[in-house]
Amino acid sequence: MAAPEYQEQATQSLRSRVSGSLASGTVHQLLGHRLSVIGLSYLGVVIFIAVFAGVISPGEPNAIDPINALESPSLSHPLGLDHNGRDQLTRLFYGARISLFVGLMSVAIAVAVGVPLGIVAAYAGGWVDHGIMRAIDAMIAIPGLLFAILLLLVLRGGVMTVSIAIGINLFTTQARLVRSQALSVKEREYFNAARAIGAPPWRMLVFHLTPNSIQPVIVQATLGMGFAILGEASLGFIGVGVPPPTATWGSMLNLAFRNMNSAPWLSFAPGIAIFLLVLAFNFVGDGLRDALDPRLRGKI
Amino acid sequence: MIPVLFIVSLIIFVLMRVMPIDPIYSMIGEDSEALTAEMREVMIHDLGLDRSLPIQYLAWMKGILTGDWGKSFQNKRPVAQELAARLPHTLQLAFAAFVISLVLGIIAGVVAALKRNSVWDMFATTGSMFGIAVPDFWFALVLILLFSVTLGWLPVFGSKLFWEDPKSSFIHLILPASALGLNGAATIMRQTRSALLEVMGEDYIRTARAKGLIEQRVVWIHALRNSMLPVVTILGLRLGNILGGSVIIETMFSWPGVGRLAVFALQRADYPVIQIIVMLSAVTILMANLFTDIAYAYLDPRIRYD
């Protein structure tokens, strides 16, 4: 075997062993974090509900029963019926799908846009960095909710549009975070060594800068899920989110607000569901942060 | 700051123009079917929408710089006048929420840090978890259900300015300001606790104690000032978001503020109103960032800006 090939193989093997031990170490730390375990368990329950909503729900989410509209909780309808007589428990189960999907998709969009922008800004420096950062500053200077409403009015549409509107709000944080991390990686010896042996720019970006700069992204992405779920609920509550009759927790709260005098019970379940899901993501995010940066453990 | 504001102005101008809502139909409302093509043409001309987009943008920029912010498409009132009527209500609500966040957050954070692992700490930490994860509009809904619908103690809708009717203003502020301030209080509590725990272990705190200072002075003067940097960051963010942060709460409580006006103007493609609100919000956010940097240097003299 030629020497460079052997070296390349050895490097790959070392890299996979190091990343493997880091991943298993992180998982081990995470499972030792009590609140993270609670958060993960709860997420498991919500994912199960979202996936099997069609099987475990007592009815159809959009089936109406106007004769029994605003009926209070009973054995046949444990969370009661809304203003059109739709079963609240069924809509709560189906709403979990939207919350999880929008949470995941908007964070994926934020990472997909924010990470490359942050990496390129840090690597290129100069006017490229300046241009990207000023554009990001401009996005941050526009109030998030107003910007999301405006994007929704421009793009129209459904779940995917809501995810894009929230993802665009989230990517600025990811880009700034990755850029600052990448700037510090750029000063490390191994990065300069790679440059000294003549590694091409794409290799520097893909194999050296990106993998060493994305650690904070993982934590921010998990915490961003909570933000995205709150954002989706807020948009649904104002009435500009996922269009009706799709069941979302935000739109359920909107209807609860309109009927708060005659059917106050409608207000509780969707709010508690949003709160618990955001809390679960925050618990997991905190656990991940502690696992990846033990200096912060128990301090925040 | 100027390049950032220029980019913001471009983003908002372009997005408003590509929004598929016709401002003319929004103005006429349900009588749109009676609108003839001639009438429509005259209206478009009057609003200046028949000019090319670059000319419209330059005219808008010139207006901003010369103090002529245009007139609302919806009610023909000058935008500056419309904002002047609504801004005091938004500032009043934001100020009340800010005070709640600051006082509750710092006191709870200090108590939790000083009595670490006690019942107080557990109570404050649990409260902060709740405050960070709970949607403010749901918290507002629960407050309305409890204090207005069930107990009938507090009003739900409306706003009075403090200098016009202090008592009524205070009563109307309690629910929306509490809902708006909860998240801030939770975040500030969390940051104060963690920063104070870190600072309390520093050598200069030991020195302050060793030279015989009373504990209150050590905590409130020596430790707290030096643990305020992360808290100032949160306060800066909150301050910057004054205009855009209360959109939902203002809508829920029928609060005659800028946030509610923004949603109304957005849904009706009222270009002059929404463009100015976004520009003012951007200036507020950028100014708040600047004040945060100045506050950093004041709190920690080691920080210097070239």
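Bear in mind these aren't lab numbers, they're just calculated from the coordinates by the rules spelled out. Just so it is clear, the structure is predicted and the values come from calculations on it, not from any experiment. Glycine gets a Cβ as well: all are built from the backbone with ideal geometry, and neighbour counts include every protein chain shown.
Evaluated with a Cβ-only charge set (Lys, Arg +1; Asp, Glu -1), the protein assembly as shown carries a dipole of roughly 1720 debye about its Cα centre, given to the nearest 20. B:Ala85 sits among other residues whose Cβ lies under 15 Å from its own Cβ, and their net charge, with Lys and Arg +1 and Asp and Glu -1, is +3.
What ranking, highest mean first, results for peptides B:177-184, A:97-104 when packing means the other Cβ atoms within 10 Å averaged over each residue?
Values: B:177-184: 24.6, A:97-104: 22.5.
Packing proxy ranking, top to bottom: B:177-184, A:97-104.
When the Cα centres of region A:29-59 and region A:93-128 are compared, how far apart do they sit, in Å? Centre-to-centre (Cα) distance: 23 Å. All other residues with a Cβ under 14 Å from the Cβ of A:Ala247 taken together, and with Lys, Arg as +1 and Asp, Glu as -1, what is their net charge? Overall, the nearby charge balance is -1. Ordering B:137-147, B:207-217, A:233-243 by mean Cβ neighbour count within 10 Å, with the highest value first, yields A:233-243, B:137-147, B:207-217. Quick one: among B:Ile28, B:Ile132, B:Ile276, which has the greatest mean-square fluctuation in a GNM of chain B with alpha-carbon springs under 10 angstrom? Top of the fluctuation ranking is B:Ile28. Here the label points at A:Ile38 and B:Ser168, each 7 Å from Cα along the C-beta direction, are separated by 4.6 nm in the simple model.
Based on the Kirkwood radius over alpha-carbon pairs, what value in µm²/s does the Stokes-Einstein equation return for the translational diffusion coefficient of the protein assembly as shown at 25 °C and 0.890 mPa s?
Rounded, D is 92 µm²/s.
Centre-to-centre, using Cα atoms only, region B:194-258 and region A:159-226 are separated by 30 Å.
Note: relative contact order over region B:130-192, using C-alpha pairs below 8 Å and six or more positions apart, is 43 percent. Taking the centroid of alpha carbons for each part, region B:270-293 and region B:111-179 are 27 Å apart. With R₀ fixed at 45 Å, the C-beta to C-beta distance from B:Glu33 to A:Glu187 puts the FRET efficiency at about 0.10. Each Cα pair under 8 Å and six or more residues apart adds its sequence gap; the mean of these over the residue count of region B:106-251 is a relative contact order of 29 percent. Rounded to the nearest 20 debye, the dipole magnitude of region A:38-104 is 220 debye, with +1 charges on Lys and Arg beta carbons, -1 on Asp and Glu beta carbons, and the Cα centre as origin.
Pairs of Cα atoms nearer than 8 Å and 6+ residues apart set the relative contact order; for chain A it is 25 percent.
Charged neighbours of B:Ile249, selected by a Cβ distance under 13 Å, balance to -1 (K, R count +1; D, E count -1). Selection among B:Ile24, B:Ala295, A:Ser99 by position relative to the dipole of the protein assembly as shown gives B:Ala295 as farthest towards the positive end (Cβ unit charges, Cα centre).
Using a Cα-Cα cut-off of under 19 Å, which aspartates and glutamates could be cross-linked to B:Lys62, ignoring same-chain neighbours fewer than 8 residues away? Excluding near neighbours in sequence, the set is B:Asp46, B:Asp50, B:Asp270.
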